[in-house]
Amino acid sequence: MLTTVKKDDHPALNLLFIISLVFVLYILKPIVVPIIIAIILSVSVFPFVLYLERKWHFNRVASAIFAILLLSLLVSGLITFIGFQISDIMDKGGDYADKLSEVYNSLATKIETTLGMNKSDLSLKKLNLGETLKENSSSILDFVTMSGSIFTDVILIPLYIFFFLIYRKFFKSFFYRAFSKDGNTLKAKTILSKLYDVQQNYLVGLFMVMGIVGVLNSIGLLILGIDNAIFFGFLAALLLLIPYIGIIIGSLLPAIVALATKDSLWYPVGVIAIFVFIQFIEGNFITPKITGSKVSINAFVAILSIILFSMLWGTAGMVVALPVI
């Protein structure tokens, strides 16, 4: 007597499927990640595209091109502004380095006096550029390769966005056919609508939170009298794209500047304290209030997803982790 075997009766096959899927996603990172980013950006600009088509009677191609050009201008302007600010900071790099060296020597003297350690053991080794290049040649090669990938993505992502926008009806029809049963597309339509609503709420909420956090960061740094306070405040807010970790990275630069420009160690401590406090306010009050109940992710699941996606796709994985989850 023949018996039918359900898929759930073979957990080993399910595990093998998951392992195979993860392996394929890892191998196909250069293809999958730009597509995911393009989908997220398509969702973010779609209301504007719809507005152009309905209000100004743009055709689908013209509205998509106009939205992509506007998005590209905004991103280019942001990158240019960050570049100018970093260039200004680099011009002061010599002064910062001298001050940091003085702080380091002062701390080394105190440690030598307190703990009895030899100051020479604490001194910084001289930088040998040739040896450094040899020791880090593989890292430099990886960076060059990654840069080439970034330039490729700069071309591919707008192209993907364009096709997602102009062929959106085709993709919707494909989704309905692929995930509907017995020709009933109601459930598939409901799922797709909820997916879109969640992504839209997450993206709009994220941009609003970044704006609020940028203002709060800037006010805190201005009170402490930190150089380039507004730039550092909004740079840390921009790094909220990497949840939990981004704000930590964003606090390090102004803390180092405070250490290099202020006479007291309490200033960098104050910078860290302000950013930690704002992070607490953002995580417990600002984000829940803005995104509401439509975007609710358990904190443990969020952190775990960031770790797993970073292992799978690196920094890009950290950025797309929450939108995907």
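The values are calculated or read from the model by the stated rules, or taken from the named source; none is laboratory data. Model, not experiment: these values are computed from the prediction. Glycine gets a Cβ as well: all are built from the backbone with ideal geometry, and neighbour counts include every protein chain shown. Accessible surface areas use protein heavy atoms only, side chains included; no ligands, DNA or RNA. Shrake-Rupley method; radii C 1.70, N 1.55, O 1.52, S 1.80 Å.
A few points about this structure:
- Residues in the range 57-65 include at least one that is open to solvent by less than 70 Å² (accessible area, probe 1.4 Å) and within 28 Å of the chain's Cα centre (by Cα).
- Of all the residues in the range 213-243, those that are of a type in the set (Val, Ile, Thr), part of a helix (DSSP H, G or I) and crowded, with 18+ Cβ neighbours inside 10 Å number 1.
- The set of residues in the range 85-114 that are closer than 15 Å to residue 264 by Cα and of a type in the set (Ser, Thr, Tyr) comprises 96, 101, 104, 106.
- Scan of the range 47-74 for residues that are under 20 Å from residue 241 (Cα atoms) and in contact with a helix residue (DSSP H, G or I) (Cβ under 7 Å, 6 or more places away or on another chain), ordered by number: 71, 72
- Residue list for the range 248-271, restricted to those being among the charged types (D, E, K, R) and either open to solvent by less than 80 Å² (accessible area, probe 1.4 Å) or within 17 Å of residue 216 (Cα to Cα) (or both): 262
- Enumeration of residues in the range 166-220 that are among the hydroxyl-bearing types (Ser, Thr, Tyr) and in contact (Cβ under 8 Å) with a residue 12 or more places away in the chain: 176, 196, 202, 218
Here's the yes/no breakdown for (1) over 17 Å from the mean Cα position of the chain (by Cα); (2) over 21 Å from residue 79 (Cβ atoms); (3) not aliphatic (A, V, I, L, M):
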position: 229; (1), (2), (3): yes, no, no
position: 240; (1), (2), (3): no, no, no
position: 249; (1), (2), (3): no, no, no
position: 254; (1), (2), (3): yes, no, yes
position: 269; (1), (2), (3): yes, yes, no
position: 274; (1), (2), (3): yes, yes, no
position: 281; (1), (2), (3): yes, yes, no
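- Filter pass, residue 278 being surrounded by fewer than 18 Cβ atoms within 10 Å (Cβ to Cβ) and either of a type outside the set (D, E, K, R) or farther than 22 Å from residue 203 by Cβ (or both): no
- Index of the failed condition, residue 46 passing every other in (1) outside any helix (DSSP H, G or I); (2) open to solvent by less than 60 Å² (accessible area, probe 1.4 Å): (1)
- Residue 245 within 21 Å of the chain's Cα centre (by Cα) and closer than 13 Å to residue 217 by Cβ: no
- For the range 166-178, the criterion of a residue being among the aromatic types (Phe, Trp, Tyr), at pLDDT 95 or above and open to solvent by less than 70 Å² (accessible area, probe 1.4 Å) is satisfied by no position.
- Taken over the range 287-298, the criterion of being surrounded by 19 or more Cβ atoms within 10 Å (Cβ to Cβ) and in a helix (DSSP H, G or I) is satisfied by 287, 291.
- If you go through the range 82-92 and pick out every residue that is among the hydrophobic types (A, V, I, L, M, F, W, C) and in contact (Cβ under 8 Å) with a residue 24 or more places away in the chain, you end up with 2.
- Residues that are exposed (fewer than 15 other Cβ atoms within 10 Å of the Cβ) and either under 16 Å from the mean Cα position of the chain (by Cα) or part of a helix (DSSP H, G or I) (or both), drawn from the range 21-34: 21, 22, 23, 24, 26, 27, 30, 31
- Contacts under 6 angstrom Cβ, first residue in the range 42-68 being on the phi < 0 side of the Ramachandran plot, partner open to solvent by 60 Å² or more (accessible area, probe 1.4 Å) and not in a helix (DSSP H, G or I), 6 or more apart: 52/58
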